[in-house]
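Following: one structure in structure tokens, then a few remarks.
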Amino acid sequence: MRSLCFAFQVYLAFAKKSFQRRMQYRVANLAGLTTNFFFLLVHIFVYTAFYAARPAPQPLSLDEIITYFVLCQVSFMLMPFWGTRSEVTSAIKDGSVALQLTKPVDFQAYWFADECGRALYYLLMRGLPTFLISLLFFKVTIPQQPTVFMAFTVSMILAVFMSNAITITIFSSGFWTLDTTGISGMSYSIITLFSGMLVPIALWPEWLAHIARWLPFEGLIDIPFSIYLGKITGIAVWIAIGKQMVWNLFFIGLGRLFLTRGFSRLVIQGG
Amino acid sequence: MIEVDNLSKIFKIYHHRKGFFGSFANLFSRKHRIVQAVDKVSFTVKRGEIVGYLGPNGAGKSTTIKMLTGILVPTSGSVTVNGYIPHRQRKENAKHIGVVFGQRSHLWFDLPVQESFELLQRIYRIPETQYRYNVEMFDELLSLGDFFQTPVRQLSLGQRMRADIAAALLHNPDILFLDEPTIGLDVVAKARIRQFIQKINAERQVTIVLTTHDLDDVEKLCKRVILIDNARLCFDGELARLRRLLSTERLLTVDYAEVYPDISIPSAHVTYQEGARVQYRFSPEEISTADLIGAILQKFKIIDISVQEPDIEELIKTVYEDNSLILPCGETT
């Protein structure tokens, strides 16, 4: 128990330093807000045009759609597929992973800790500013019940965790292929589509939505946002969060397996 | 302290076919070639020794170090470091070793040196008193104070290396692996790092395994050297002994008046030839310098001639270039 507590402190320290490191670039980062709003506006204009063209009631109202995409812009930077890449992901590629291995730390836990710091940084420096500015210009809905907000927070944390568990799994395939451009490019497209990043799954045709419900990726975007919008309520919230947890465990386990197997056949690039 | 027995490492290097169809074909069958990076190497290192682990680029030095530190898994043979098997007990082993790779920094690129050190204090569970004591001592010897608050990315190479070496010693490791610690440094910075290494070794009985291309490092620091070439061990013993064994050989450089087609001389080997300049290697026991010069004068016209006792750099070069020249492989002290 004591050693567990100690280990937690170490990884907490990693997360803190990871946050602190990025804080040095906060001004440059604020410039990135323009990108967030550019994409937000594109989404909003497209959907406003759609809704104007087809006034029949939709599963999500226009305000809800706008809120959904504001949340997208708030949170996508927290996840490593869409945000800037952490150093750890390139560590395998350039061989500097070797240095990490000379320290008495668990590599996967180190990776998670580093990403948590990164996620917190982007939440504070990009996500929240985006959200607050959006409040001024768009009709963003805010959950009325605190329980909804709590469930959303839990679900969002699980989403960020899963995004990292998936990334670690994808990148540990680098031990076999040495170049992960192909596989990460492919998974990027699949994840972007099936997470609901482009189109909320509620608007999908029945058969495609059905496939999405069986895949893990809705847990990244669609589940937390649907909870926020009150589209998932009651017992369904627990089921959705349970689903996220199971997929988290699945990817953490798979990533761990890949890493252990991978290290045993490690070829250090560049001697 | 370190025991290496018949250690081998084989890499499979996959051949990537080029072009669209090539990469498609790669999916089904991949050609590979086998590279023997380390071949049945055995040696032991005792507590408190400084060993120079030398060899030309690609000889297998780094691969060996990486197996000793638990990064790479050996193909066959055994390694024990401090009683641990590094690749099986990587984390345990890591607590008792310090590693510095000259080409890469262990410190967090964006963090001030101090913060990196504090992080290391947590990782290695270094007690506060020991941490303070070490930082103070290293500061005194390496003047870390000048740049303790500077982010690592802004440090000069010399400063970075000092910080890196200090960082590797914060947790009082029993063994320090230094992979080219003076690479790219100027004379003053090199001297400083060497002094520090000597002091740490003398005061703390830290066992040091040093790989380097800088033979000054070797002369100043190592009593014992292990030479590795083409993945094989070719010498293990005292530096003085290596020198003795090889310094029976001398070099004779001759500038001929013209380029002769056949410049061979009995009892001397041509080591290189560049236009009219030829270098011979000979052993004074076989042929005296005077006789050799006499033989040359008889056959050819010369402009200039000079004899050298090879310095350590030359010695090692000869070993690298010609395995038949020295000691039977695997000879140990």
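The values are calculated or read from the model by the stated rules, or taken from the named source; none is laboratory data. Nothing here was measured: the structure is a model prediction, and the numbers come from that model. Note: ideal-geometry Cβ built from the backbone for every residue, glycine included; neighbour counts use all protein chains shown. Only protein heavy atoms, including side chains, enter the accessible area calculation; ligands, DNA and RNA are left aside. Shrake-Rupley method; radii C 1.70, N 1.55, O 1.52, S 1.80 Å.
Points worth noting:
- Seen against the Cα atoms of chain A and their longest principal axis, helix A:128-137 is set at about 10 degrees.
- About the centre of its Cα atoms, segment B:55-146 shows a dipole size close to 720 debye [charges on the beta carbon of Lys, Arg (+1) and Asp, Glu (-1) only; nearest 20 debye].
- Take the convex hull of the alpha carbons in chain B; its mean projected area over all directions comes to 22.8 nm².
- Helix axis angle, A:146-172 relative to chain A longest principal axis, alpha carbon, degrees: 40
- Compared with the dominant principal axis of the Cα atoms in chain A, helix A:235-264 is inclined by about 30°.
- Relative contact order of chain A, defined on C-alpha pairs under 8 angstrom at six or more residues apart (%): 25
- Residues A:R2 and A:T34, FRET efficiency given R0 of 56 Å [Cβ-Cβ distance, rounded to 0.05]: 0.70
- If you plug the beta carbon distance of A:I239 and A:L208 into 1/(1 + (r/R0)^6) with R0 = 22 Å, you get a FRET efficiency near 0.60.
- Cα-based shape type of segment B:107-209, given that a ≥ b ≥ c are square roots of the gyration tensor eigenvalues and the cut on a/c is 1.5: oblate
- FRET efficiency, B:S78 to A:F50 (Cβ-Cβ, R0 56 Å, nearest 0.05): 0.25
- Apportionment of accessible area to carbon and sulfur, chain B, percent (1.4 Å): 49
- The Cα center of segment A:39-84 and the Cα center of segment B:187-237 differ in position by 62 Å.
- Summing Lys and Arg as +1 and Asp and Glu as -1 over all other residues whose Cβ lies under 12 Å from the Cβ of B:S156 gives a net charge of +1.
- Excluding ligands, DNA and RNA and using a 1.4 Å probe, chains B and A jointly bury around 3100 Å² of accessible surface, summed across both partners.
- Chain A: Lys pairs at Cα distance under 20 angstrom, eight or more positions apart or on different chains: 5
- Nonlocal amide H pairs with B:F148, under 5 Å, H built at 1.01 Å: none
- Around A:F250: net Lys/Arg minus Asp/Glu count, Cβ-Cβ under 12 Å: +2
- For the pair B:R244 and A:S189, label points projected 7 Å from Cα toward Cβ lie 7.1 nm apart.
- Leading residue at positive end of dipole, segment B:65-207 (Cβ point charges), from B:T182, B:M137, B:P74: B:P74
- Segment A:1-63: C-alpha gyration tensor shape, a/c 1.5 cut-off, then a/b vs b/c: oblate
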